[in-house]
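For reference, the structure is listed below as structure tokens.
Rule-based calculations on the coordinates, nothing more; no lab input. All values derive from a computational prediction rather than experimental measurement.
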Ligand SMILES: [Zn+2]
């Protein structure tokens, strides 16, 4: 009988794009749940919530909200290690495939994202307050 919790539906060898993509996230998890610096991006903490994978980039009060993750929506993550991190530049890598869940367990909970500005949602100065 097939173990559906670990069965790959993407490929037989574990070497397809999807598997390579998530193997990288397993390395990040082993690196203290931190995504390494890449290009102009500094290293950033990683959160896994309800089987979804996020990179929590630093708060960005200068870039246009449209260039930020989720349009500059404000997220607060409470990591199981006790840290609470709030950011308006959260990137989502997608839902972790079932066959990676055991290696990428949840490490955080989150409050629902809030618009970056309650005064002028979607306005041209959103995120600059
Ligand atoms: Zn695969």
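Across bins of 10 angstrom width beginning at 0, how are the C-alpha pair distances of segment 17-114 distributed, in whole percent?
For segment 17-114, the pair-distance distribution reads 16, 50, 31, 3.
What percent do you get for the relative contact order of segment 17-114 when only Cα pairs under 8 Å and 6+ apart count? Don't jump to the answer; show the numbers that get you there.
Values: 173 pairs, mean separation 28.4, N = 98.
Averaging sequence separation for qualifying contacts and normalising by length gives 29 percent for segment 17-114.
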